[in-house]
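One structure is given below, encoded as structure tokens.
The values are calculated or read from the model by the stated rules, or taken from the named source; none is laboratory data. Small disclaimer: the values here were computed from a predicted structure and weren't measured. Cβ placement follows ideal geometry from the backbone for every residue including glycine, while neighbour counts extend to all protein chains displayed. Note: accessible area is taken over every heavy atom of the protein model, side chains too, but ligands, DNA and RNA are not part of it. Shrake-Rupley method; radii C 1.70, N 1.55, O 1.52, S 1.80 Å.
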Amino acid sequence: MLKDSNNYKVTRQACPRNCYDSCSILSYTEDGVLKKISGDPANSFTNGKLCAKGYSYINRVYSKQRLKNPLYQKVRGSGKWINISWDEAYTIIAEKILKLYDKYNSNLSICLNKYSGNFGLLHYAIEGFFNSIAPTTRVAGSPCWSAGLDANFIDYGGNVNLDPELMIHAKLIILWGVNPAWTSVHSMPFIYSAQEQGATVITIDPLYTASARKSDIYLQVETGKDLELTLAITRVLCDLDLVDHQSLQRHTSNYQQYIDELKKIKLDHLLVACGQDYTTIEKIAKLIIGNKPLLIWTGFGLQRHARGGQTIHAINALAVLTGSLDCLYSGVQYAQQKTWDFTWNIMNYQSSLTTAHHTSRFLNINNFADELTNTSEPPVKFLWLACRNLLNQSPEYDKMVAALTQLELIVCVEQFMTADALMADLVLPTTTQFEEWDIVYSYWHHWISINQPAIKPLYDCKSDLDIMQGLAQKLNSLRPGFSGFPTDKTVFDFIDEQFNQSMYQRLNINDWRELIDAPRKYMVPDLQQTKTIYAFQKNFYTDNSVINTSTEKESNKIALITNTYKYHLLTTHSQHGLNSQFQNLEWLQDVIKDSRFIIHPCTAKSESVRDESLIKVYNDNGIIYGKVFLSKDVPKNVVLFYQGWQPQHDLLINKIVSVCATDMGELTTGSKGLAFYDTLVNFEIVRS
Ligand SMILES: Nc1nc2c(c(=O)[nH]1)N[C@H]1C(S)=C(S)[C@@H](COP(=O)(O)OP(=O)(O)OC[C@H]3O[C@@H](n4cnc5c(=O)[nH]c(N)nc54)[C@H](O)[C@@H]3O)O[C@H]1N2
Ligand SMILES: Nc1nc2c(c(=O)[nH]1)N[C@H]1C(S)=C(S)[C@@H](COP(=O)(O)OP(=O)(O)OC[C@H]3O[C@@H](n4cnc5c(=O)[nH]c(N)nc54)[C@H](O)[C@@H]3O)O[C@H]1N2
Ligand code: SF4
Ligand SMILES: [Mo]
């Protein structure tokens, strides 16, 4: 056992949150109590440091708000919880599942809604369990990154990233609709290193963000108008004949058509739409063409708009035009999925049940309330929520609450009493990563980490894997063979099964247990330095809509802005929260100042409100009351409110966020993404 100089036991963990950084962590415990944690220096991306959220993990583990044992409320929403045992909980759940199966001769009335509360590999045991009881109802899609994933899939054949540590070599870095100074703090040192070696950093964002402050150039783009901005830059490059024709010939088949189409659009229209003048665009275009390696980081924020996919298409096209795809350390970064080739056996346990249905039914995760309500034969009657804060993180809260009334049993597996847990019939307490085994990998960098338990499970908490095994056991004891999910396998058996020889080779290890000595970087030789082989094959110019800047949705929106609602409501990701997590922790209260509507002082003046005024912000979806905070970092036509857990129920911002689909997302995730940042609102004073 590893001990440090204070005689603390040292274990390796990893942060499994939905965060670019997927940090490797070292934990120090004494007498079974977690005393200290730090970033793991053996991972050169984490580089021994964590973010403020990471350092607050001890407070999360030992928070008084942790759920301690299974809870049951007879009347949903009554708040009258009674403590029950695990056996009682499993019995209630198993009996309901069997009753529904007997009624419908199908498990399609059983639904799982899981998303990103914990991205650890072993948490796919949840999907594994649901696969093991014959077809069920599931969710397809993602509220997060679908449009961009599709655009890159079409352009490059998949989502792959260069090692982001190579950003140090770049001469020009563009942070385009991403705010890594908050959302990927470990990327920043690589960006600073590049700057120290002479690189220019440009941030393109409607908000003057923390990342913009660290950049050399800040371009304040009109919200949702990056497509016009990209086309304007491209157009100027074409007009000045600064385009890399060799690159275009090598990677594309129809670029001339693209350029011809582009030349039909008036440059002035593009400039007015994105809020820029010619001189600025010419300057940016010349920087882009004149500085290699060029690294463009297209963020998730950029594609949370109706034309998010097309925008990323156009930026990818710009990268080809500049020849940067063939250049060492250049390229467009978004995310990586393709890199990890686990077996995913944990999800592959089959059922031997005979049922009326042979395939699972998929509901759109981004239109869940409507789809839940409209699904019949059989209707959904049972909902399992895990790694999900559905009510807090999805649009249309009221509709969602109404949709849940049709359910006979809602089970929520949680660490805290969240919005979802409050509306569940049964709440099952689960472990934190400090109390369980896991494997954690990243959708941004190339590191993989082991997660060892540092302490025993607290209270009566169980891991998601243990819970699924316990439920499978109960079901099979009541109805032999009902679930094919293995109840006799250990956690190590499950991890063993996830790896294969090719993964071991790329990690340069023989067994995953070697990860206990240190995290490892995954070797992807063809991706170490350029994205050349992944460049566009033929699809550079796939459809006219890239060029056609006024899609139907966009013109509807413009009409809405001029006629009804004046302001874009941006609900971007906060500094000290991770979606709906961390904001409830005592240690972070002094720094969290999220629950405010942030507006420009000039806007405040024209609407006769002041700093600290109470306003009501509204649109067709509803009304939210909140306090004003004035800041020149926000454009005059934007109201900013950081998304996340709102302990004051009245401030649940997603109550007024619209369900507007993005243009892409179906190819890679099964449904279109969500244009969270296309929501429009008005506001008025309540009390000054
Ligand atoms: N308005 C607005 N809404 C948004 C966004 C936005 O920008 N604006 N962003 C969207 C994006 S990008 C995303 S990714 C989604 C995120 O949506 P979700 O994935 O639903 O949200 P999270 O808050 O990350 O996590 C959900 C819950 O998982 C729980 N959890 C943590 N660890 C575990 C575990 O080990 N087991 C179990 N069973 N539960 C666990 C946490 O306590 C938390 O309550 O939100 C979306 N919602
Ligand atoms: N601290 C922290 N870290 C996180 C998270 C968190 O909640 N907090 N969430 C994690 C998750 S789930 C995700 S998806 C990522 C999100 O990571 P990011 O993509 O960095 O986050 P967002 O906040 O969605 O958006 C980034 C920026 O896009 C800008 N933006 C919005 N609309 C436009 C536009 O039309 N054009 C341009 N150019 N920019 C625009 C926003 O103003 C914002 O500054 O971060 C992950 N890391
Ligand atoms: S939230 Fe992100 S940056 Fe913070 S510890 Fe976790 S992975 Fe690292
Ligand atoms: Mo996300």
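One quarter of the convex hull surface, Cα atoms only: what value does that give for the chain in nm²?
On the way: hull surface 119.3 nm².
The number I arrive at for the chain is 29.8 nm².
Return the Rg/Rh ratio of segment 593-688 with Cα-based radii and a Kirkwood Rh.
Dividing the radius of gyration by the Kirkwood radius yields 1.03.
Could you tell me what a quarter of the Cα convex hull surface of segment 99-255 works out to, in nm² with one decimal place?
Values: hull surface 57.4 nm².
Orientation-averaged projected area of the Cα hull: 14.4 nm².
Would you list which lysines come within 27 Å of Lys9, measuring only between C-alpha atoms, while excluding same-chain residues fewer than 8 positions from it? Once the sequence-local lysines are set aside, what remains near Lys9 is Lys35, Lys36, Lys49, Lys53, Lys64, Lys68, Lys456, Lys462, Lys521. Based on every Cα atom in segment 168-292, Rg and the maximum pairwise Cα distance Dmax equal 15.5, 43 Å.
Amide H to amide H, with H built 1.01 Å from N, Leu363 comes under 5 Å of Arg138, Val139, Ala140, counting only residues 5 or more places away or on other chains. By accessible area, using a 1.4 Å probe on protein heavy atoms only, segment 280-329 has 52% of its surface on carbon and sulfur.
In loop segments of segment 36-141 as defined by DSSP, there are no GluC sites (Glu not before Pro) with at most 12 further C-beta atoms inside 10 Å of their C-beta. Shown are Trp81, Trp587, Trp297, Trp447, whose ranking by accessible area with a 1.4 Å probe and every protein chain present, most to least, is Trp587, Trp81, Trp447, Trp297.
With all projection directions averaged, the alpha carbon convex hull of segment 1-74 covers 6.8 nm².
The 1.4 Å probe gives accessible areas that order Lys616, Lys35, Lys74, largest first, as Lys74, Lys35, Lys616.
I need the shape label for segment 255-309. Rule: rounded when a/c is under 1.5, else prolate if a/b > b/c, else oblate, with a, b, c from the alpha carbon gyration tensor.
Details: a/c = 1.30, a/b = 1.06, b/c = 1.23.
The shape class here is rounded.
Panel values: segment 353-401, Kirkwood radius from alpha carbon pairs, Stokes-Einstein at 10 °C and 1.306 mPa s, translational diffusion coefficient 128 µm²/s.
Computed 3J(HN,Hα) for segment 76-90, one whole-Hz value per residue from the Karplus formula 6.51 cos²θ - 1.76 cosθ + 1.60 where θ = phi - 60°, is 4, x, 6, x, 8, 8, 10, 6, 10, 8, 4, 4, 5, 4, 4, glycine and proline marked x.
Karplus-based coupling profile of segment 256-271, in residue order and whole Hz: 4, 4, 4, 5, 4, 4, 4, 5, 6, 8, 6, 4, 4, 4, 5, 5, with θ = phi - 60° in 6.51 cos²θ - 1.76 cosθ + 1.60 and x standing for Gly or Pro. Cross-link partners for Lys616 among the lysines, with Cα-Cα distance under 26 Å and sequence neighbours closer than 8 places in the same chain left out: Lys399, Lys557, Lys566, Lys593, Lys605, Lys627, Lys632, Lys636, Lys655.
Bridge orientation summary for the chain: considering DSSP beta bridges with both residues in this region, about 45 percent are antiparallel.
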